[in-house]
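A.B. asks: Below you will find the structure I want to go over with you.
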């Protein structure tokens, strides 16, 4: 369904289990950034009522996820660490965001967002199926479903607002580029790391 070209090695979950506090902190900040991204798209494209309506809901869900992760951090006696740089997202941003017309910029941002949601969904699936911590396995299974919905939301709007552009070709190209990027990750206790 996601079309990702390179799957995450399930052994990544074992690495994550060596530092649960770190993965939770990284995950919390990923959720915050996802909410901020949705708000940014809204602010730049406020004339699209359906897009605004859908992304307001999505941003609220992302903030709810941030709160859920923060609640787990507190419950386990951990501390939410400082915001982390997400090198994967930064590399993907440089590949996808090329400028051009306002329409192309919107499509670029939507495809970029869809890709991040797709990879997050895939990583949550790996965690839900491979982590020994039952509470977190269940938690990541639930979030995987939400991320899949976010992925389809962004991709659907890219296709809707990409009239006259070959959005499917751009998406396929991004999938190839993302595979090149992600092959350098999966070696740290981070959602995209």
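A.B. asks: Against the longest alpha carbon principal axis of the chain, how many degrees, from 0 to 90 and to the nearest 10, is the axis of helix 20-44 turned?
C.D. replies: That works out to roughly 20 degrees.
A.B. asks: OK, next. With a ≥ b ≥ c taken as the square roots of the eigenvalues of the C-alpha gyration tensor of region 48-126, please select rounded if a/c is under 1.5 and otherwise prolate if a/b is larger than b/c or oblate if it is not?
C.D. replies: Here region 48-126 falls in the prolate category.
A.B. asks: Expressed as an acute angle from 0 to 90° and rounded to the nearest 10, what is the orientation of the C-alpha long axis of helix 134-161 relative to the principal long axis of the chain?
C.D. replies: Taking the Cα atoms of the chain, the angle to 134-161 is about 10 degrees.
A.B. asks: Oh, and also: What is the packing order of peptides 172-182, 90-100, taking the mean over residues of other C-beta atoms within 10 Å and listing the highest first?
C.D. replies: 172-182, 90-100
A.B. asks: Could you bin all the Cα-Cα distances of region 93-184 into 10 Å bins starting at 0 and give me the percent of pairs in each, rounded to whole numbers?
C.D. replies: 17, 41, 27, 12, 2
A.B. asks: Could you state the number of Å between the C-alpha centres of region 141-193 and region 1-54?
C.D. replies: Going from one Cα centre to the other spans 10 Å.
A.B. asks: Can you give the angle from 0 to 90° between the axis of helix 167-182 and the longest principal axis of the chain, with both taken from C-alpha atoms, to the nearest 10?
C.D. replies: Approximately 30 degrees, to the nearest ten.
A.B. asks: Rounded to the nearest 0.05, what FRET efficiency do residue 97 and residue 145 give with R0 = 22 Å and r taken as the Cβ-Cβ distance? Could you check?
C.D. replies: E between residue 97 and residue 145, to the nearest 0.05, is 0.20.
A.B. asks: Say R0 is 22 Å: what FRET efficiency, to the nearest 0.05, do residue 80 and residue 15 get from their beta-carbon distance?
C.D. replies: That gives a FRET efficiency of 0.60.
A.B. asks: Between residue 71 and residue 173, what length comes free when the chain is fully extended (0.36 nm per residue of separation minus the Cα-Cα distance, one decimal in nm)?
C.D. replies: Result for the pair: 32.9 nm of gain on full extension.
A.B. asks: Order these by the 10 Å Cβ neighbour count, fewest first: 154, 112.
C.D. replies: If I rank by nearby Cβ atoms, fewest first, I get 112, 154.
A.B. asks: Over the chain, what relative contact order in percent results from Cα pairs under 8 Å that are six or more residues apart?
C.D. replies: Relative contact order for the chain comes out at 34 percent.
Read the figures in this text as sums done on the coordinates, not as results from a lab. Quick caveat, the model's predicted, so the values are computed rather than measured. Virtual Cβ from ideal backbone geometry, glycine too; neighbours counted across all protein chains shown.
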